[in-house]
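The values are calculated or read from the model by the stated rules, or taken from the named source; none is laboratory data. Here the structure is a predicted model, which means the values were calculated and not measured. Here Cβ is always computed from backbone atoms with ideal geometry, including for glycine, and neighbour counts include all displayed protein chains. Quick note on the areas: whole protein, heavy atoms, side chains included, nothing else; ligands and nucleic acids left out. Shrake-Rupley method; radii C 1.70, N 1.55, O 1.52, S 1.80 Å.
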Amino acid sequence: MGAPGRYSATCVASPNIALVKYWGQRIPEYNVPYNSSLSLTLAGLSTRTRVTFDPDLPADTLELNGTAVEGGPRDDVRRFLDLFRERAGRRWSARVVSRNNFPTASGMASSASGFAALAGAAMAALRLRGGLRILSRYARRGSGSATRSIYGGFVYWRAGRHWDGDDSYAVPFRGPEHWPAFRDIACLVAGAPVKSIRSQEAMQRSVATSPVYGRRQKELRRRLRRMQAAIILRDPDRLFPVVMEECDSFREVCETTDPPLDYLTPSSRAILDEVRSINDEAGRYLAAYTHDAGAHVHVFTTAPYARSIARRLGALRGVTETRILRPGPGVRWIPRAGSEDPAVELRVG
Ligand code: PMV
């Protein structure tokens, strides 16, 4: 091997919150979804990951937030890195050092930013050719939602139709600069239960057992189009009711899964009620709630209302923190200090 560190790169990615949810896999092995989805990448939160491939290393190592990780998560990372090693024709083990600037248990999907940053770092470190579309496809193999964190702002993940999922990747819909006044109030609730099963498994149970899953799938295309039109117009009155309708539909599928998937706590439900009251009192849509497979709730609004709504939601019993977040950027690479090595720059296309 050449100089140490030559096969090394650092990539940063932010989490995203889904407006149209990915829930159900057409090809489980590759995390290829049944339906297309739409998300917003969030500013201010990020995962920074450095990957160093080293032929002298006996096995892959993973350090997460300063702690060495063994077992399941490290095996997930090893299997994920195998995709890149295979493509590069290298058998080198890797040292992975990853850090979130937000608490892992904060209800932000760290798997989305985690696998997006890991994919970006691995691809750049091994100098694999390809642009962001290929990177998005790689990220999907780690965690479905990671496929969308490659891009900033509003992002569309097309489900694709190919038998092998090759055409299932994200594309930018509108960048973070499109709607600068858009805000996401991340509401963290106390006592959020630790997930007993992974979302990949949970969603397949919904596909198999929820009697409303098929109906939801039929509604999604129209909902997606309505959301896209509202985003183009930057129109909360059009966007927010559809966001809540979609969240309610996702929750209905979860609750009618056998056995039921109940992700919310009484505090999460109080947030949903409070958002309904805020809109009722205003006589228009000032805010919209949404949540993923977890108890924390995201409340969309626009800049003029963000602080007062955050205060109101923060006063609810069991809400431990509210964070006002803006539309954020896609993946970015950190050049090595003092290095002219272009290896860290992925050719974007
Ligand atoms: O990326 P995963 O496997 O953790 O699945 C995420 C599923 C949801 O967050 C519930 C919806 C979504 O589209 O992000």
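Observations on the structure shown:
- Against the test of being under 27 Å from G160 (Cβ atoms), among the hydroxyl-bearing types (S, T, Y) and away from the ligand (no atom under 16 Å from the Cβ), the options T49, T10 yield a single qualifying residue, T49.
- Of all the listed residues (Q200, Q217), the sole one being modelled with pLDDT under 95 and in a helix (DSSP H, G or I) is Q200.
- Filtered residues of segment 133-151 (kept if surrounded by fewer than 24 Cβ atoms within 10 Å (Cβ to Cβ), touching a residue at least 40 places away in the same chain (Cβ under 8 Å) and more than 13 Å from the ligand (Cβ to nearest atom)): R133
- The residue of segment 198-239 that is farthest from C254 (Cα to Cα), among those that are in contact with a Ser or Thr (Cβ under 7 Å, 6 or more places away or on another chain) and among the hydrophobic types (A, V, I, L, M, F, W, C), is L224.
- Matching option when the condition is part of a strand (DSSP E or B) and either open to solvent by 20 Å² or more (accessible area, probe 1.4 Å) or more than 30 Å from S249 (Cβ to Cβ) (or both), among T41, T10: T10
- Within segment 201-218, the residues that satisfy the criterion of being in contact (Cβ under 8 Å) with a residue 24 or more places away in the chain and open to solvent by 60 Å² or more (accessible area, probe 1.4 Å) are R205, P211.
- Being of a type in the set (A, V, I, L, M, F, W, C) and open to solvent by 30 Å² or more (accessible area, probe 1.4 Å) is a property that A310 lacks.
- Against the conditions (1) surrounded by fewer than 20 Cβ atoms within 10 Å (Cβ to Cβ); (2) more than 30 Å from E245 (Cα to Cα), A94 satisfies every one except (1).
- Within segment 234-254, the residues that satisfy the criterion of being within 15 Å of the ligand (Cβ to nearest atom), of a type outside the set (G, A, S) and surrounded by 15 or more Cβ atoms within 10 Å (Cβ to Cβ) are V243, E246, C247, F250, R251, E252, V253, C254.
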